[in-house]
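Notes follow once the structure below has been shown.
The values are calculated or read from the model by the stated rules, or taken from the named source; none is laboratory data. Just so we're clear, the structure is a prediction, and the values are computed from it rather than from any experiment. Glycine gets a Cβ as well: all are built from the backbone with ideal geometry, and neighbour counts include every protein chain shown.
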Ligand code: LRH
Ligand code: MN
Ligand code: MN
């Protein structure tokens, strides 16, 4: 299923009048609107290969139809999303859920769709068939050296796959921890994990980075060895300059001030990037912006502010990725919604009057500070985002066009109604 450029142009024509009206209404209030449009066009969010099929929970999985049956089909699906929104120009793989044996062909296929390979994700949280030793009691933290060695070698293999695909980052999330008090010596687990990570770090090619993702709980429910940003920062600081802390929005305890965490990691030059999703309770992996869009905006506000202060390139200097998956939506529609939510939050953050905000902060004018932030947040930036997308060759309304083109129906015709994508 491919969406052609002429179809997008035809589709946009039908919406153009309304778009022009809505766009000029917001654009005239924005200083330097062409700079904002350019930043929006440059911004790309990677799509995780495991979000292209229906997720599921430990209580069940309701398979969708027309899901991708191979890595080729996953790349094609991301290519189709990117054709629609021009903001999903990268794919992130999880090994061994995907095994890119034929890297040259995969790279070529991705390039045909204007995609690159984002961070590579290793997996030492599940046992794989034929594996010599088990991860039941952890991987890089394990008390048995043979288990640690197996997990280290897996990560090094993932780096090799990534090198062949042109990726430049390894993303490590560990389920390591303990379920009961007394099960684990915390310091011992930390030290063993650090030593294992050091071995992986020393296998990184020159221009590569390693991202250490933290998570408060699950699957371990008493302690997690990389359980919060402090622990991750401790690891990444000890590892060295190629190691960074990855923030998955769903991996905090309820009500954590994620934007403050982001701002400090950025200040320290240790922020790797994001796994975007939304959550109400824990690691819910819900559609980005579906529960707490104000928080998303506040995070982007810190990012824009902090990245500008450090002279960073918004589009390229951090990793931007979605990490969501669930049971009840068409996964491709969900991804279009998630990317749109990210672009909206970014656009709103670009509208913040930073000079006025810092003056309000300086004079402790709390009311003005809130007004300034909410002025930007309450601006309907959707026409700006749509304009940037249209100028880049995308659809004015990606989700609308997806439905108008009956993409899912066509995928079901092509792939069948009983398909199970690899992944969670
Ligand atoms: C863990 C996590 C991590 C994994 C992904 C599948 O909860 O967020 O990033 O790689 O889910
Ligand atoms: Mn994640
Ligand atoms: Mn998660």
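Observations, loosely collected:
- Helices (runs of 4 or more DSSP H) completely within the stretch 334-420 that count 2 or more residues being at pLDDT 95 or above and touching a helix residue (DSSP H, G or I) at 6+ places or on another chain (Cβ under 6 Å): 354-362, 366-377, 382-391, 398-404
- Per the conditions (1) away from ligand 1 (no atom under 16 Å from the Cβ); (2) touching a residue at least 60 places away in the same chain (Cβ under 8 Å); (3) over 24 Å from the mean Cα position of the chain (by Cα), the sole criterion not satisfied by residue 195 is (2).
- Test result for residue 289, more than 16 Å from ligand 3 (Cβ to nearest atom), more than 21 Å from residue 139 (Cβ to Cβ) and crowded, with 21+ Cβ neighbours inside 10 Å: yes
- Scanning the stretch 262-286 for residues that are more than 18 Å from residue 311 (Cβ to Cβ) and assigned to a loop (DSSP other than H, G, I, E, B) turns up 277, 279, 280, 281, 282, 283, 284, 285.
- Residue within the stretch 244-254 that is away from ligand 3 (no atom under 16 Å from the Cβ), surrounded by fewer than 17 Cβ atoms within 10 Å (Cβ to Cβ) and farther than 20 Å from residue 381 by Cα present: no
Quick grid of which residues meet (1) surrounded by 18 or more Cβ atoms within 10 Å (Cβ to Cβ); (2) assigned to a loop (DSSP other than H, G, I, E, B); (3) touching a helix residue (DSSP H, G or I) at 6+ places or on another chain (Cβ under 7 Å); (4) modelled with pLDDT under 95:
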{"site": "139", "(1), (2), (3), (4)": "yes, yes, yes, no"}
{"site": "146", "(1), (2), (3), (4)": "no, no, no, no"}
{"site": "167", "(1), (2), (3), (4)": "yes, yes, no, no"}
{"site": "170", "(1), (2), (3), (4)": "yes, no, yes, no"}
{"site": "180", "(1), (2), (3), (4)": "no, yes, no, no"}
{"site": "183", "(1), (2), (3), (4)": "no, yes, no, no"}
{"site": "189", "(1), (2), (3), (4)": "yes, no, no, no"}
{"site": "198", "(1), (2), (3), (4)": "no, no, yes, no"}
{"site": "201", "(1), (2), (3), (4)": "yes, no, yes, no"}
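- Residue, modelled with the lowest pLDDT, within the stretch 57-88, restricted to residues that are crowded, with 22+ Cβ neighbours inside 10 Å and assigned to a loop (DSSP other than H, G, I, E, B): 64
- Hits in the stretch 108-131 - residues which are part of a helix (DSSP H, G or I) and within 16 Å of ligand 1 (Cβ to nearest atom): none
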